[in-house]
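Notes for the one structure printed next.
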Amino acid sequence: MSSTTKRMLIVGSTVFALVAVVMVAVVLRGDAQGRAGDANLLARLVAAEADGEPYQGMVAVASVMLNRVESAKFPNTVSGVIFQPGAFESVSNGLIWRRSPSRQAVSAARDALNGYDPSYGCLFFWNPSKPVSGWIWSRTIAVRIGKHVFAR
Amino acid sequence: MADEVNNAGENVGAVGEGTGEAGTARSGGTAANWPGALLVLLLIASLVFGYAQWTARRRLEVAVGNQYFSSFFDLLGNVDNVRVALSKSLVSGSPRLRVGALSDVWREASNAQANLNSLPVTHKVLAKTSAFLTQVGDFAFVTARKVANQQMMSDDDWDRLVKMKEQSEDLAKGLAGMEAEASSGRINWVRVAEQANKEVPAKAGSKSTPEVVTDGFTKVDESVQQFPTLIYDGPFSDHIEARKPVGVTGAPIDSTRAIEIARKFVPFDASAHTGKIEGEVDSKIPAYRVSLEAPKKSGKPDAIVDVTKTGGHVVLMNIARDIDPKKIDLEAAVARANVFLSKIGMTSMKPTFASEVGDVAVIPFVWVQDGVYVYPDMVKVKVALDNGDILSYDSLGFLTSHHARKLSKPSIEADEAKELLSPALTVSAPPRLAVIPVETVDTPEALCWEFRGTSFGEDFFVYIDAASGVEEKVLQLIKTSEGSLTM
């Protein structure tokens, strides 16, 4: 009788230990992937904002997000920058959730996270052929890539 | 934002329409003058539908508005707390209390910044206030660290804290003016958001809600604009942005020469490529952007190469092509990157780390001078893992900071530095000297002993200043699900 209870106890505690190990592993994995959330959000924004742009232009759009995170004038997190009210048309009209990012957009987001910045530290980008507010033209334009201009 | 509200409204409306039609079908069969009855029913159905739409939209507007109200009132609280904590930091006589007060400033200021930036007001109106809040928090953090290190606060630090306190009082006053409007519930945030999206300048004298909010924040922002540029030891300090690149040396080149340089630089034979200047980069490092277009059916990829106008250095190179599944490992990729670097004349560069991202490897190389790893002088090479081709090259860091350095002899030996490490760290590699970037005003770099070790199963790099023995930085190596390699 006591031996079966013991065995059950042993089996029970083994199962418990295994579950605990698995849970810890899951939690740690989640931690290690902390930046994956940023990468996915960035890729979505790139897909929505820079669709049909050359690859350099896609990386530059992602870089603008990261430069904003580094700037004191903008929110200090990737999600804060992307969801800043009125900052991006594709966020305001929900386009970023309707389009799943292409492989190119994902790889552009990763390149930008690795520090590749073809916009050279720019904080703004816009399409000059579309109506934009006048004040934005007062920024110094650093470079033009595809249909977008990038400015500090 | 308004679009989203509409979409959601339509969904709710669609349900109402469905039930309306069901009612029509039932009654249409029995009545004698059925066209008239049908019309009446249709009218009722559309009214019900419209009302359902309208209430759904109202509810969503209120929900969205409440979110903004929450951010706004949180912002008021945060700014008030920043003001109080700044005063406390000035009054506290003991380092223990001062560190506490400064930490409060840091926390409250960063929350204030986050809340401010989630309001639906044009960025133009908020930029300065946002920058001020970030810098107040950043400065408080740096000063708290200083006080905790038993260093004295300088007179300048003291003056800055006093000015920040005064400035935050103005900020709190400006916000209090808007608080009255907000508390009376007169602010319609959805309209504020619509106005911000339209970018219409506020009309003088008009007092509708969007103008009140925009005017209020414009005034607040103007008061902050009088704040002097802040130069202190911190990552958001103004001097970081003002730093000039020192690695761009040589004589000016013209665009033809830039194309020549780009053609020779790319890791394949580009003699048949069409080279042209695609644009110019007007950044801290002015450059020509050269595009190399492959002749049709040559099977070669296109490339973009940025060549500096001064000295003709290559800043960025990118080769766009599709990558097949992985065939080579990280060691082989590092070897390929090494060969490429020596071919372009970047000698005495050593790889420190390699990581696999998707089907490519990203390998940072740093400049090594007399055995010292100079981390600011970094170039990054991207290698395709299908055949080992070089895909991109990035020397922005190198060109920004590389110069002839006089490295002083460490006044602390490796063994002495090792004594200063945490007992929780098990050192796993022999220590080496490294120059790392630091955010101080006097010098952007510090010579440190680099220790690599493990603690609780995780990998760390710890840097101990070789002159002062201060622990400068602790970096954790975050392993991705894909492979990585430390060298």
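The values are calculated or read from the model by the stated rules, or taken from the named source; none is laboratory data. Just so we're clear, the structure is a prediction, and the values are computed from it rather than from any experiment. Backbone-built Cβ (ideal geometry, glycine too); neighbour counts: all protein chains shown. When the accessible area is computed, the model is the full protein with side chains, heavy atoms only, and any ligands, DNA or RNA have been set aside. Shrake-Rupley method; radii C 1.70, N 1.55, O 1.52, S 1.80 Å.
Close Cβ contacts (under 6 Å, 6 or more residues apart or on different chains) running from residues in the stretch B:428-440 that are in contact (Cβ under 8 Å) with a residue 60 or more places away in the chain to residues that are open to solvent by less than 50 Å² (accessible area, probe 1.4 Å) and not in a strand (DSSP E or B) comprise B:Glu439/B:Gly234. Taking the conditions (1) touching a residue at least 24 places away in the same chain (Cβ under 8 Å); (2) open to solvent by 20 Å² or more (accessible area, probe 1.4 Å); (3) in contact with a helix residue (DSSP H, G or I) (Cβ under 9 Å, 6 or more places away or on another chain) in turn, B:His403 satisfies each one other than (3). Check whether at least one residue in the stretch B:129-143 is closer than 30 Å to B:Gly185 by Cα and in contact with a Pro (Cβ under 9 Å, 6 or more places away or on another chain), and report yes or no. Yes, that holds for at least one residue.
Restricting the stretch B:448-467 to residues that are open to solvent by 30 Å² or more (accessible area, probe 1.4 Å) and in contact (Cβ under 8 Å) with a residue 24 or more places away in the chain leaves a set whose member that is nearest to the other protein chains (Cβ to nearest Cβ) is B:Phe456.
Has the stretch B:143-151 got at least one residue that is at the interface with chain A (Cβ under 10 Å from one of its Cβ atoms) and without any contact (Cβ under 8 Å) to a residue 60 or more places away in the chain? No - not one qualifying residue is present in the stretch B:143-151.
Remark: pairs (first residue in the stretch A:87-106, farther than 21 Å from B:Glu194 by Cα; second residue β-branched (Val, Ile, Thr) and outside any loop (DSSP other than H, G, I, E, B); Cβ separation under 7 Å; 6+ apart in sequence or on different chains) = A:Pro101/A:Val46; A:Ala105/A:Val46. Residues that are aliphatic (A, V, I, L, M) and not in a helix (DSSP H, G or I) within the stretch A:36-57 comprise just one, A:Ala50. Here B:Glu356, B:Glu416, B:Glu331 are screened, and the one residue that is in a helix (DSSP H, G or I) and over 27 Å from B:Glu445 (Cβ atoms) is B:Glu331. Going through (1) in a helix (DSSP H, G or I); (2) away from every other protein chain (no Cβ under 11 Å) one by one, A:Ser100 falls short only on (1).
Evaluating A:Gly115 against the criteria (1) facing chain B (nearest Cβ under 8 Å); (2) buried (at least 20 other Cβ atoms within 10 Å of the Cβ); (3) under 25 Å from B:Asp359 (Cβ atoms) leaves one unmet condition, (2). The lone criterion from (1) more than 10 Å from every other protein chain (Cβ to nearest Cβ); (2) part of a strand (DSSP E or B) left unmet by A:Phe150 is number (1). Listed conditions (1) modelled with pLDDT of 90 or more; (2) open to solvent by 30 Å² or more (accessible area, probe 1.4 Å) are all met by A:Gly86, apart from (1). Screening B:Ala333 against (1) modelled with pLDDT under 90; (2) open to solvent by less than 50 Å² (accessible area, probe 1.4 Å) leaves a single unmet condition, (1). For the stretch A:123-147, taking the residues that are within 8 Å of chain B (Cβ to nearest Cβ) and part of a loop (DSSP other than H, G, I, E, B), the one that is least open to solvent (accessible area, probe 1.4 Å) is identified as A:Ser133. Looking only at the stretch B:370-378, decide whether some residue is more than 25 Å from the chain's Cα centre (by Cα), in the same structural domain as B:Ala287 (by TED's automatic domain parsing), more than 18 Å from A:Arg110 (Cβ to Cβ) and assigned to a strand (DSSP E or B). Checking the stretch B:370-378: at least one residue is more than 25 Å from the chain's Cα centre (by Cα), in the same structural domain as B:Ala287 (by TED's automatic domain parsing), more than 18 Å from A:Arg110 (Cβ to Cβ) and assigned to a strand (DSSP E or B). On the given criteria, is A:Val91 more than 29 Å from B:Gly397 (Cα to Cα) and at the interface with another protein chain (Cβ under 10 Å from one of its Cβ atoms)? So A:Val91 fits the description; yes.
If only residues of the stretch B:258-293 that are within 14 Å of another protein chain (Cβ to nearest Cβ) and among the polar types (S, T, N, Q) are counted, the one that is nearest to the chain's Cα centre (by Cα) is B:Ser283.
Across the stretch A:69-83, which residue is surrounded by the fewest Cβ atoms within 10 Å (Cβ to Cβ) among those that are small (Gly, Ala, Ser) and facing chain B (nearest Cβ under 9 Å)? Looking at residues that are small (Gly, Ala, Ser) and facing chain B (nearest Cβ under 9 Å), I get A:Gly80. Restricting attention to the stretch B:100-127 and to residues that are in contact with a Phe, Trp or Tyr (Cβ under 8 Å, 6 or more places away or on another chain) and open to solvent by 60 Å² or more (accessible area, probe 1.4 Å), the residue that is farthest from the other protein chains (Cβ to nearest Cβ) turns out to be B:Trp106. Just one of the listed residues (B:Phe340, B:Phe365, B:Phe353) is without any contact (Cβ under 8 Å) to a residue 40 or more places away in the chain and touching a strand residue (DSSP E or B) at 6+ places or on another chain (Cβ under 7 Å), and it is B:Phe365. Residue under question is B:Leu60, and the condition is that it be open to solvent by 50 Å² or more (accessible area, probe 1.4 Å) and at pLDDT 95 or above; does it hold? No: the conditions fail for B:Leu60. Here the stretch B:340-379 is the region considered, the condition is being of a type in the set (Phe, Trp, Tyr) and open to solvent by 20 Å² or more (accessible area, probe 1.4 Å), and the residue that is nearest to B:Leu391 (Cα to Cα) is B:Phe353.
Within the group A:Ser100, A:Ser63, A:Ser92, which residue is surrounded by 13 or more Cβ atoms within 10 Å (Cβ to Cβ), modelled with pLDDT under 90 and of a type in the set (Ser, Thr, Tyr)? That would be A:Ser92, the only listed residue that is surrounded by 13 or more Cβ atoms within 10 Å (Cβ to Cβ), modelled with pLDDT under 90 and of a type in the set (Ser, Thr, Tyr). Of the residues making up the stretch B:474-487, those that are surrounded by fewer than 16 Cβ atoms within 10 Å (Cβ to Cβ) and more than 14 Å from chain A (Cβ to nearest Cβ) are B:Val474, B:Leu475, B:Thr486, B:Met487. Among residues that are more than 30 Å from B:Glu280 (Cβ to Cβ), open to solvent by 60 Å² or more (accessible area, probe 1.4 Å) and not polar (S, T, N, Q), B:Glu241 is not included. Could you check, for the stretch B:176-196, whether at least one of its residues is open to solvent by less than 50 Å² (accessible area, probe 1.4 Å), modelled with pLDDT of 85 or more, among the acidic types (Asp, Glu) and part of a helix (DSSP H, G or I)? Scanning the stretch B:176-196 turns up no residue that is open to solvent by less than 50 Å² (accessible area, probe 1.4 Å), modelled with pLDDT of 85 or more, among the acidic types (Asp, Glu) and part of a helix (DSSP H, G or I).
The rows are residues; the columns are (1) of a type in the set (A, V, I, L, M, F, W, C); (2) out of contact with any strand residue (DSSP E or B) (no Cβ under 8 Å at 6 or more places or on another chain); (3) outside the structural domain of B:Gln167 (by TED's automatic domain parsing).
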{"residue": "B:Leu47", "(1), (2), (3)": "yes, yes, yes"}
{"residue": "B:Trp54", "(1), (2), (3)": "yes, yes, yes"}
{"residue": "B:Phe69", "(1), (2), (3)": "yes, yes, no"}
{"residue": "B:Ser87", "(1), (2), (3)": "no, yes, no"}
{"residue": "B:Arg98", "(1), (2), (3)": "no, yes, no"}
{"residue": "B:Ser103", "(1), (2), (3)": "no, yes, no"}
{"residue": "B:Trp106", "(1), (2), (3)": "yes, yes, no"}
{"residue": "B:Gln113", "(1), (2), (3)": "no, yes, no"}
{"residue": "B:Ser118", "(1), (2), (3)": "no, yes, no"}
